[in-house]
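Below is one structure, written out as structure tokens; the observations come after it.
The values are calculated or read from the model by the stated rules, or taken from the named source; none is laboratory data. All of these numbers come straight from a predicted model, not from anything done at the bench. Note that each Cβ is placed from the backbone with ideal geometry, even for glycine, and that neighbours are counted across all protein chains shown.
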Amino acid sequence: MTDSKYFTTTKKGEIFELKAELNSDKKEKKKEAVKKVIASMTVGKDVSALFPDVVNCMQTDNLELKKLVYLYLMNYAKSQPDMAIMAVNTFVKDCEDPNPLIRALAVRTMGCIRVDKITEYLCEPLRKCLKDEDPYVRKTAAVCVAKLHDINAQLVEDQGFLDTLKDLISDSNPMVVANAVAALSEIAESHPNSNLLDLNPQTINKLLTALNECTEWGQIFILDCLANYTPRDDRESQSICERVTPRLSHANSAVVLSAVKVLMKFMEMLPKDLDYYGTLLKKLAPPLVTLLSAEPELQYVALRNINLIVQKRPEILKHEMKVFFVKYNDPIYVKLEKLDIMIRLASQANIAQVLAELKEYATEVDVDFVRKAVRAIGRCAIKVEQSAERCVSTLLDLIQTKVNYVVQEAIVVIKDIFRKYPNKYESVIATLCENLDSLDEPEARAAMIWIVGEYAERIDNADELLESFLEGFHDESTQVQLQLLTAIVKLFLKKPTETQELVQQVLSLATQDSDNPDLRDRGYIYWRLLSTDPVAAKEVVLAEKPLISEETDLIEPTLLDELICHIGTLASVYHKPPSAFVEGSRGVQHKRLPARTGSGESAESPDVGQSVSVSEAPPAVIPSQGDLLGDLLNLDLAPPTTNVPVVPSSMQMGAMDLLGGGLDSLMGDDSETLGGDLGGSPAMGVAVGGAPVTMPAVGGGLGDLFDLGGGVGMTSGFYSPPKTVWLPAMKAKGLEISGTFVRRGGVINVDLSLTNKAMSVMTDFAIQFNKNSFGLSPAGPLQVLTPLSPNQTVEVSLPLGTTGPVMKMEPLNNLQVAVKNNIDVFYFSCHYPISLLFVEDGKMDRQVFLATWKDIPSENEAQFQIKDCHLSSDAASNKLQGSNIFTVAKRTVEVQDMLYQSIKLTNGIWVLAELRIQTGNPSYTLSVKCRAPEVAQFVYQSYELILKN
Amino acid sequence: MIHSLFLINYAGDIFLEKHWKSVISRSVCDYFFEAQEKAGEPDNVPPVIRTPHHYLINIFREKIFFVSVIQTEVPPLFVIEFLHRVAEMFQDYFGECSEAAIKDNVVIVYELLEEMLDNGFPLATESNILKELIKPPTILRSMVNTITGSSNLGETLPTGQLSSVPWRRVGVKYTNNEAYFDVVEEIDAILDKSGTTVFAEIQGVVDACVKLTGMPDLTLSFMNPRLLDDVSFHPCVRFKRWESEKVLSFIPPDGNFRLMSYHVNAQNLVAIPVYVKQNINFFDSGSSGRLDITVGPKQTMGKTVENVIVTIHMPKVVLSANLTATQGTYTYDPVTKILVWDIGKLTQQKLPNLKGSLSLQSGAPKPEENPSLNIDLKIQQLAISGLKVNRLDMYGEKYKPFKGVKYVTKAGKFQVRT
């Protein structure tokens, strides 16, 4: 008789039948019924309706029945909290049972019932069980604290269970220690900074002792906990390592990997010249190799971790290349990982073996794997220079197979090889060109086009080849389009006479017919470059390219160090820091490798650089995204794929016109007639500038800048600095804002110049200020009435009030502005001279001045030197008055004039100043006194500005 | 820690679920099904699958996916090791780890899972402790149970869980005291076309079957322990003794257990017991190919190689095979494209040969890939690494046990490239 019978009852009246059986008088029938209920539960059927009937069976001497009821309770208590209370008494009674296993079972089950009302009753039994004389009960209770914490964290803290748990770390029984550590680790995950696992040498010693005696699972918890400790010095580090190394021989692979983590981390602190360091390195290899003969899932996790380990310490596995050789029936996820590690371990010593293997893999069945193998050959060529030639010939052999995807991958990697070793293997280009037609993947097409463009001068029919691609230009992917554009421009610069038409064709395709902004922008850039200064164009487009670095796909060193601290965890499988993806762990602490101590070595351990072979430059991964130069220089391996909706551009200029002028210098004498034929005017710049809608004229923006300075009037003697650019066009999608502040007739104004450097019309301007120190705010809307056409500048004067919201800024005179137009909202900040706020009625009565001067404590006085000022005291006084700095009194002592001056700010703050001017001495001394001393600095700046301008 | 476990059969039915914390809807398995579909072959399903709120860590054993759900950062190996333990426990309890066996014993399964984890923390994973808690089903017992109404559940409580030797219960009694050890070695190797060894290593285990009364303390020593490159031990083995004297000293668990596993990867020590001469050709025209394979003994240390089986995964375009074997039988499955040649014993006098033609799908291009050969074999009374047990001593008990050591060498992942 088997349990499968429980699966067969699916009749409608099932529940009623079970109900009757559960309430049967016969013990046996009852038990059978509970079994049926459990069976239904395991397959996901809802049997919660039977709750009261099942709970009634709990009061029994039969241990099996009791356990079955407990199983049921754990599953359904949540949905029937009121009924669950019925079970509480039995639990509490069982917690007092003379048999430790019953006590443990009761406290364990109670913890699994996730009902608030029950947890309240749990506290007392749990407290007793945590101090139970029997270790089995204590160890069960330790886990129960974690359960309770999961249900009600506050309760656990209030009841002091955390402290009890911490005490259990020093328990005499290793199993109790292990479970306490496990429970604390789990609780700590939701309290990242709680310092729950406060490790000190004593607790570490306890843990290391328990490590030897507890179960395999306990060992994992303890090792993971140890890994969080930072030893005080290299000796402690070594002694911990010595006690952890035996774990490497454990049959449980999780124990092994956790031990590897501890060792990898603590090794960092050992001096490299220490004998023990070498011994440890040797001890690490065999267990890692053994992990690879385990089941494929274990292998996968091991390989992901080994990938990190070989990046950090390649010396550990450098002789173990062969264990990474791929077997044909490995699962694909294992194959791909092995391949990756093979490349990392490839060196001059083993490259022959590696290449032979890779060639073997390239004829496998699995397409993904074959592709990666072909790529790997290219990576070997780039990594091990001595092997480059062999790699290239292997790749050529593979191209001869004519297997489509193999050829394409080969071409992609050969492009990288060309970049690494320029002018060495170009003889193979002919072979590559033969396969042009079979390329149907964008990456391969782009690579081939790059090769044709780059070596255009060596390929006789480069123009024909590129032209053939151009036919289907619009059907190509962006990557190919960009590459084609660049390649043709290169070709044109190299062979201008024959490719005139081609380049015009591609430029017009890119700029006029494409709605991809990247393509259009690049088209325009080339176009302008070619038309204004072909020589410069040559320098830019055909510039020497930086060599690509040898190591690829390296993990960034700081991330690598963090991941080493997380060996064996999910983070190590995903190669991402835990903070990047682990839910539930709120604010994970970043772990760091400990710094080496002792033996005078600096914290920046030299082996980091050596082992990972990072040069000063950050390792450039082959697809160098984000490298603007590289991008322009035509590395379109990973183009942005976003397609921004395009503002219709009304380019009216013919292509001929734009190109016309520029050709002269490029083509020398012959071109004059050519240029004429094209109908272009030699005065390109003018022609462009006159067109209604064009690109910004090159000189235009600059000119604008200079013009602006002159345009500012010196109203009422108030000094206002020339306009400066506050918002460069680059940061504001083509809108450039420059401006200055001025006080005119008692009104504060900001004079703005808005320039449209984009190619589309801008409208709907508006302005807003952030809260600032003096409550400056626009007194009216920003008056830009007509739409701002491209390349047009509008001058606006915006009156400001001082009644806006106030917030102290740092620095005091900082003003944050937001400007909006039809395109976007832009933010910038600028500083206003504080003299802007000096009001016209700022002249103080002499008596009041004297009294106030005395009244302000002397610690509020600040002194400044104003150098190189050649004004007489009267002239200075006049000049200052223009900016509302009023001279209250003047005193002359021998050759020294002393001006006593008063200033009132818009917010009513008075500033008193004493300016000492010595005849013949260009240095003035300024003493400022104010109840708000922080303004003194800015007052001084205003003095200096006013006096010197 | 481990949150939930779903058992899913080959057809994609979830036939068992167990939650150790709150209940997680089985809809979480949809992410697994998605990954499974993407992977194609069940062996290729990635072991760790990320979903928006959980991680699914799975293993595939005996046509069952064991899918565990975790929510926080838990070492994946910890979970995988645990799942292996669950699969082994089913095997141990029911004699097979199959959907039918699990369904037949669903209540025991449920009780077992409940004992193995508490709140996701491993509780009792040792077979002997579990067997004390929950008795494995036997035909006799289930008959007796139905008659007398007693249960599978042990009325005695597991004393082992409290002891410092958790793997052994007290009060073990046998009338015949015996201790048998099997040294089993598997050769993992890759040979290239010409028969040269590309890579070879030996994975060895020492499995024990110890039925001894009381608390025996055993010491097992080898003739040549330095042969072993890496060893992993059952927790009962005293590591210090191994470190210092290279002997295995332990109080054994009761019954069957794996005492140690080891690894020999010094290439020159790995003898290759057979050689394979093969020639598999596909012709450019005529949609056909030829196959010619000969297998012969190589370094066998004077022993006979038995149970030799050659397995070849043919390219997809191979429709049928028309071959003659001088020894043994061959089958070709046109659906899975697997050619199996069961040779049997290898003798020096007559080398077995398999020869004939392959017919390909007409019109299809000739296959690019070369099929690899997988070799299975067995050699009795030989540990190919040369490892030999020296002696076994028993302390702590007075009786004299029967002792025995058996050696066997098998092929592990033994592949010949073509």
Restricting attention to region A:887-900, does a residue exist that is free of Cβ contacts under 8 Å to residues at least 12 places away in the same chain and either at positive phi or not in a strand (DSSP E or B) (or both)?
yes
Which numbered condition trips up residue A:58, out of (1) at pLDDT below 80; (2) under 55 Å from the mean Cα position of the chain (by Cα); (3) crowded, with 19+ Cβ neighbours inside 10 Å?
(2)
Test residue A:280 against the criterion of being surrounded by fewer than 24 Cβ atoms within 10 Å (Cβ to Cβ), closer than 20 Å to residue A:571 by Cα and in contact with a Leu (Cβ under 8 Å, 6 or more places away or on another chain), and give yes or no.
no
Checked region B:200-218 for anything buried (at least 20 other Cβ atoms within 10 Å of the Cβ) and part of a strand (DSSP E or B); matches are B:200, B:201, B:202, B:203, B:204, B:206, B:208, B:210, B:218
Would you please name the residue that is nearest to residue B:60 (Cα to Cα), looking only at residues in region A:290-326 that are basic (Lys, Arg) and touching a Phe, Trp or Tyr at 6+ places or on another chain (Cβ under 9 Å)?
A:304
Could you tell me how many of the residues in region A:311-333 are in contact with a Ser or Thr (Cβ under 9 Å, 6 or more places away or on another chain) and β-branched (Val, Ile, Thr)?
1
Those residues that are surrounded by fewer than 19 Cβ atoms within 10 Å (Cβ to Cβ), touching a residue at least 12 places away in the same chain (Cβ under 8 Å) and of a type in the set (Gly, Ala, Ser), I need them from region A:860-886; list them, please.
A:862, A:872, A:882
Let me confirm something: among A:73, A:126, A:63, A:130, which residue is among the hydrophobic types (A, V, I, L, M, F, W, C) and away from chain B (no Cβ under 14 Å)?
A:130
Which pairs have Cβ atoms under 7 Å, sit 6 or more apart or on different chains, and link a residue in region A:907-932 that is within 21 Å of residue A:891 (Cβ to Cβ) to one that is assigned to a loop (DSSP other than H, G, I, E, B) and among the basic types (Lys, Arg)?
A:922/A:867; A:923/A:867
Residue that is nearest to residue A:319 (Cα to Cα), among those in region B:178-199 that are out of contact with any Phe, Trp or Tyr (no Cβ under 9 Å at 6 or more places or on another chain) and part of a strand (DSSP E or B):
B:197
Strands (runs of 3 or more DSSP E) enclosed by region B:226-265 - at least 3 residues per element that are surrounded by fewer than 18 Cβ atoms within 10 Å (Cβ to Cβ):
B:255-264
In region B:74-121, residues that are at the interface with chain A (Cβ under 7 Å from one of its Cβ atoms), under 19 Å from residue A:38 (Cβ atoms) and part of a helix (DSSP H, G or I) total 7
Do we have residue A:848 as over 48 Å from the mean Cα position of the chain (by Cα), in a strand (DSSP E or B) and within 30 Å of residue A:776 (Cα to Cα) here?
no
Residues located in region B:362-379, provided they are without any contact (Cβ under 8 Å) to a residue 60 or more places away in the chain and within 21 Å of residue A:326 (Cα to Cα)
B:368, B:369
Identify the residue in region B:1-19 that is more than 7 Å from chain A (Cβ to nearest Cβ) and not in a strand (DSSP E or B) and, among all such residues, is surrounded by the fewest Cβ atoms within 10 Å (Cβ to Cβ).
B:11
Out of curiosity, is residue B:82 crowded, with 22+ Cβ neighbours inside 10 Å, without any contact (Cβ under 8 Å) to a residue 24 or more places away in the chain, under 26 Å from residue A:214 (Cα atoms) and of a type in the set (A, V, I, L, M, F, W, C)?
no
Any idea which residue in region B:285-303 is modelled with the lowest pLDDT, counting only those that are part of a strand (DSSP E or B) and among the polar types (S, T, N, Q)?
B:288
Of all residues in region A:207-230, which are more than 11 Å from chain B (Cβ to nearest Cβ), more than 19 Å from residue A:568 (Cα to Cα) and surrounded by 20 or more Cβ atoms within 10 Å (Cβ to Cβ)?
A:207, A:210
Could you say which residue among A:447, A:510 is of a type outside the set (Phe, Trp, Tyr), at pLDDT 85 or above, touching a Lys or Arg at 6+ places or on another chain (Cβ under 7 Å) and within 27 Å of residue A:758 (Cα to Cα)?
A:510
Tell me which residues, restricted to region A:538-575, are within 10 Å of another protein chain (Cβ to nearest Cβ) and assigned to a loop (DSSP other than H, G, I, E, B).
A:566, A:567, A:568, A:569
Inside region A:92-119, can you point out the residues that are more than 9 Å from chain B (Cβ to nearest Cβ), part of a helix (DSSP H, G or I) and either under 16 Å from residue A:76 (Cα atoms) or modelled with pLDDT under 80 (or both)?
A:109, A:110, A:116, A:117, A:118, A:119
Residue that is nearest to residue B:168 (Cα to Cα) [pool: residues in region B:218-236 that are within 22 Å of the chain's Cα centre (by Cα) and not small (Gly, Ala, Ser)]
B:236
Residue set A:124, A:133; condition at pLDDT 80 or above and in a helix (DSSP H, G or I); output residue A:124
For region A:365-388, give me each residue that is over 23 Å from residue B:372 (Cβ atoms) and among the aliphatic types (A, V, I, L, M).
A:381, A:382, A:384, A:388
Show the residue pairs that are 6+ apart or on different chains and have beta-carbon atoms under 8 Å apart, the first residue being within region A:498-524 and assigned to a helix (DSSP H, G or I), the second being among the acidic types (Asp, Glu).
A:498/A:463; A:499/A:463; A:502/A:463; A:502/A:467
Exclusive hit being out of contact with any Cys (no Cβ under 7 Å at 6 or more places or on another chain) and under 24 Å from residue B:306 (Cα atoms), set B:392, B:382
B:382
Would you pick out the residues in region A:518-573 that are of a type in the set (Ser, Thr, Tyr) and surrounded by fewer than 18 Cβ atoms within 10 Å (Cβ to Cβ)?
A:532, A:558
